[in-house]
Each structure stands twice: as structure tokens, then as C-alpha cells.
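Take a look at the structure below.
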Amino acid sequence: MEYTLKAGALYLHDRMLARIKNCFSGPEKRIVSADGDLLLQTEIRAGQDPRRAPGDVRQRRYSLVDAAGKEIAQAQPDYAAGDEPETVGWPVCRTPRVDHAQVRMEGDYELVMQNSQNYQLQQSSGETLVRIMHRGLNGGWDIETKKAFSPAELCGIFVFCRYIEQENEFLVV
């Protein structure tokens, strides 16, 4: 199936199926139906692994919960190969690059950031199930799927992509 995501709304042809809304503060997002009913919510949870540095991205978990508060998907971000702090240290002028996350959602997948405009959700075999591609100057995103994910789940996967992209932003205070 081929979807379009524009201005936070997911469309199939010209019919809006779901919308991503920002919460008042923080990185949390709400995914609502075309009628405005809450379907899912995303959040970033911090772990407390003493073996990891406090700013280590592998301490974070992206969570997708339904309206009843039950977690239906989880993603754990990770550093790009060769950019792990254990290998190259902590860079002074930038953050270590994050380019993928392990996703558990009715199975195990890998969400891969090819660049800031193209993402793929892959099975462990390497088969691509979801492709998310920026539309360039037109704005918005094209989403192609091989597996039947719900519109709300596709919005959740998209939010996970944006979370990965935010991990690569250098925080200036």
C-alpha cells in the first residue's frame, strides 16, 4: 500500500486515516483517528543501566502505547557501526551518530535511517516491510508498505524515525 503523510496527517489516496499531534511539552506524540479519538501515544523512556553513561542513547526506549496504556511496540536506538562511544570515545563537537533501532512490534524488526530523508523497517532477513521517503520540495512523506500495519502503527513507526533523527541533533544550551 502507498500512503502519504503531510502536515502530520496520514492519507490513503485523499482520505485522512490518522493524525499525529504534539503534546503540550516534551517529545510525546498522540496519534488520533480522523474523528479525533486517541488511538496510540508515543513516548521516550529512560533506562537506568549503570554500565552505560547517562547520555548514552542505548539507555532510551521509544514506546508506543494504546489508549488503555498497554505497550504495543518498543524501539531501542543504537549507534552507527564504528561510531560507538566504546570504540571511538565521546566526540567533543558532536554526538555519536545514531542510525538504527531494534523494534519489537508483533515480531522483531530493525528501523534503519539511510539518511535524514529515507527510512526502512526491515525484518531480520533484510526484507523491507516499510519504506518512508521524504517528498523533497513538495513536502511530506511517502510511505510504502508490504505488511498490513494499521494507520496508527504507521504513524508510530514514523514518530520513531523522527526520534532517531533527533538523537543526531547537537544540543546547544
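The values are calculated or read from the model by the stated rules, or taken from the named source; none is laboratory data. Keep in mind the model is a prediction, meaning the values are calculated, not measured. Note that each Cβ is placed from the backbone with ideal geometry, even for glycine, and that neighbours are counted across all protein chains shown. Accessible surface areas use protein heavy atoms only, side chains included; no ligands, DNA or RNA. Shrake-Rupley method; radii C 1.70, N 1.55, O 1.52, S 1.80 Å.
Rounded to the nearest 10 degrees, what's the angle between the helix 151-167 long axis and the longest principal axis of the chain, both from Cα atoms, 0 to 90?
Once rounded, one gets 30 degrees.
With +1 on each Lys and Arg Cβ and -1 on each Asp and Glu Cβ, how big is the dipole of the stretch 14-97 about its Cα centre, in debye rounded to the nearest 20?
With Lys and Arg at +1 and Asp and Glu at -1, about 140 debye.
Quick one: longest stretch of the chain between exposed loop GluC sites (Glu not before Pro), exposed meaning at most 13 other C-beta atoms within 10 Å and loop per DSSP?
Result for the longest clean stretch: 1-105.
Taking 8 Å as the Cα distance limit and 6 or more residues as the minimum spacing, I'd like the relative contact order of the stretch 72-119 as a percentage.
Working: 62 pairs, mean separation 18.3, N = 48.
Across the stretch 72-119, relative contact order equals 38 percent.
Roughly how big is the chain's charge dipole about its Cα centre, with Cβ charges of +1 (Lys, Arg) and -1 (Asp, Glu), in debye to the nearest 20?
Rounded to the nearest 20 debye, it is 320 debye.
How charged is the neighbourhood of residue 35? Take every other residue with its Cβ under 14 Å from the Cβ of residue 35, and add Lys/Arg as +1 and Asp/Glu as -1.
Result for the local shell: +3.
Would you mind telling me which residue in 12, 154, 121 has the biggest mean-square fluctuation in a Gaussian network model of the chain, where springs connect alpha carbons within a distance under 10 angstrom?
The residue that fluctuates most here is 12.
Among residues other than residue 51 whose Cβ falls under 11 Å from its Cβ, what is the net charge (Lys/Arg +1, Asp/Glu -1)?
That works out to -1.
Checking the a/c ratio against 1.5 first, then a/b against b/c, what shape does the Cα gyration tensor give for the chain?
Prolate.
Run the numbers on the chain and let me know its relative contact order in percent, using alpha-carbon pairs under 8 Å that are six or more apart.
On the way: 333 pairs, mean separation 33.6, N = 173.
Answer for the chain is 19 percent.
Before I look further, what does the chain give for accessible area per residue, probe 1.4 Å, in whole square angstrom? Please report the intermediate quantities before stating the final value.
Values: 9700 Å² over 173 residues.
Value for the chain: 56 Å² per residue.
Exposed loop sites here are chymotrypsin sites (Phe, Trp or Tyr not before Pro) in DSSP loop states with at most 11 other C-beta atoms within 10 Å. What is the longest stretch of the chain lacking them?
25-169
Which value in deg cm²/dmol, rounded to the nearest 500, describes the helix-derived mean residue ellipticity at 222 nm for the chain, given -39,500 (n - 2.57) per DSSP H run of n ≥ 4 and division by the residue count?
Estimated from H runs of four or more residues: -3500 deg cm²/dmol.
Which net charge results for the neighbourhood of residue 18, defined as the other residues with beta-carbon distances under 15 angstrom from its beta-carbon, given Lys and Arg at +1 and Asp and Glu at -1?
+1
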